[in-house]
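Inspection log for the structure reproduced underneath, given as structure tokens.
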Amino acid sequence: MNGPSVGSAGARSTAGGRRGWRLVVGIVVVVLGALALAVVLTFCARAPKPGAAAGAAGHGRGGGRFAGGSGGRPPITVGIAKATFGAIPINVSALGTVTPLDTVQVQARVSGLLERVGFKEGQLVRRGQLLALIDPRPFQAALDQAKGQLAHDEAILANAELDLQRYATLHSQDSVAAQTYDTQAALVKQDEGTVVSDRAMVNTADLNLQFAHITSPVTGRVGLRQVDPGNQITANQTTPFTVVTQMDPISVVFSVPEGAIGPITRQGAAGLPVTVFDRAGGTALATGKLLTLDNLIDPTTGTVKAKAVFANTRAGLFPNQFVNVVVLVNTLEKQVVVPTTAVRHGPQGDFVWVLQANRTVKSRPVKTGPGAPETVSLASGLNQGETVITDGGDRLRENAKVILPSQRPGGQAGGGPGGGRRFHPQGGASAAAPASQ
């Protein structure tokens, strides 16, 4: 009886110990949770409110909170420019190739020994200037021979004509047969034909003698020679002896889109100012005038070829050079002009931020017109003299307060109430222009 009682008491003691540990652990967890909650509440109670912090910051930096529009946003520093009246050029841009007005492949017209060359490669030559001399002696001999044959046949003709005159007298007296007279008349005509042929041979020999002197057909720059003195040169060979290219004046051939044909022809086409720039498009090489448009449109590209001519006294344009071409079709005067960066693009269309008298901004829808690389004209929506935002417009909101370039962020003027830049239609800006208040 004693054994079982002792065992039951031990089991009850073990179960009681386990419940005690669980109670202790639970109490510890509750205490730790309470401490953590107390720490969080204490931190939240001590943290300043957003409005109070902004007010304190504003008072600390000069008094008052920022009034940057809705939501209490701080003012944004912006760039400004005034809308002005200006001229907008209407240009047509294209890619072109410098093409000489005359390019002549100089060929030998007679065969013979090349005796000497009368130019230096790359030299500027005049029309008619001697370029090369083929040995003229064979041609001089042929000319002399032709002249001798002509003199011989002219003497025979003269004798035949005298005989014809005698036969004519005798025929009138019925002293000679009519057949004899007719035969002599035919002989005179035969001798006349021989003389005409001999004169042609003389002219041919004289031409060959002249062709032995190779001269420049145009004024221009001579290229590299293909045959050296002492070599045999062949008439009309495949490879030219040299090439002469006219350099001044010189032309540029380019293609313009078919949509530009109307504006160009309405302005008279020929005579429109044309400026060519280098391959990079940054350096102007020459200024000339439009010569003509081609008479048909290329259906594969939808363009028409055009040619402009330029004075090239300084050799700024070189044959086959690739250039950028700008044709000034028209100039629009007294247009409201602003920098290109002032025009923004939104869901409702183009607009600009206009600076108000209280240094806030309002959006203004505008309609853009033709422009230049750095400027654009406004057909409607803005008046001359109004101030627009050029920099910082991406961060602006309606009625947002802005800081002008001459102001410090703290609101203290750094050089006057205006600041910013005055915009010039030609591009660029001048500093220290007063802004609209």
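The values are calculated or read from the model by the stated rules, or taken from the named source; none is laboratory data. Small disclaimer: the values here were computed from a predicted structure and weren't measured. Counting neighbours? That spans all protein chains shown, and the Cβs are built from the backbone with ideal geometry, glycine included.
Remarks
- Residues located in the stretch 364-377, provided they are at pLDDT 90 or above and not β-branched (Val, Ile, Thr): ARG364, PRO365, LYS367
- Check on ALA269, more than 30 Å from LEU162 (Cα to Cα) and under 22 Å from the mean Cα position of the chain (by Cα): yes
- Residue match in the stretch 359-368 (condition: surrounded by fewer than 16 Cβ atoms within 10 Å (Cβ to Cβ), aliphatic (A, V, I, L, M) and within 20 Å of THR77 (Cβ to Cβ)): no
- Scan of the stretch 357-372 for residues that are over 33 Å from the mean Cα position of the chain (by Cα) and either within 14 Å of LYS82 (Cα to Cα) or not polar (S, T, N, Q) (or both), ordered by number: ALA357, ARG359, VAL361, LYS362, ARG364
- Hits in the stretch 378-399 - residues which are under 29 Å from the mean Cα position of the chain (by Cα) and crowded, with 21+ Cβ neighbours inside 10 Å: LEU378, THR390
- Test: residue in the stretch 314-327 that is of a type in the set (Gly, Ala, Ser) and either surrounded by 12 or more Cβ atoms within 10 Å (Cβ to Cβ) or in contact with a Lys or Arg (Cβ under 9 Å, 6 or more places away or on another chain) (or both): yes
- Residue within the stretch 325-346 that is farther than 25 Å from ARG395 by Cβ, at pLDDT below 90 and among the charged types (D, E, K, R) present: yes
- Some residue of the stretch 107-128 being touching a helix residue (DSSP H, G or I) at 6+ places or on another chain (Cβ under 6 Å) and among the acidic types (Asp, Glu): no
- Here the condition is being in contact with a helix residue (DSSP H, G or I) (Cβ under 9 Å, 6 or more places away or on another chain), assigned by TED's automatic domain parsing to the domain that holds ALA83, hydroxyl-bearing (Ser, Thr, Tyr) and farther than 18 Å from ALA87 by Cβ; of THR390, THR375, it holds for THR390 alone.
- Cβ-Cβ under 9 Å pairs, at least 6 apart or on other chains, the stretch 159-170 side at negative phi, far side surrounded by 14 or more Cβ atoms within 10 Å (Cβ to Cβ) and charged (D, E, K, R): ASN159/ASP191; ALA160/ASP191; ALA160/GLU192; GLU161/ASP191; GLU161/GLU192
- Meets criteria (assigned to a loop (DSSP other than H, G, I, E, B), without any contact (Cβ under 8 Å) to a residue 60 or more places away in the chain and surrounded by 15 or more Cβ atoms within 10 Å (Cβ to Cβ)) for VAL176: yes
- Flag: VAL227 does not match the condition of being hydrophobic (A, V, I, L, M, F, W, C), modelled with pLDDT of 95 or more and in contact with a strand residue (DSSP E or B) (Cβ under 8 Å, 6 or more places away or on another chain).
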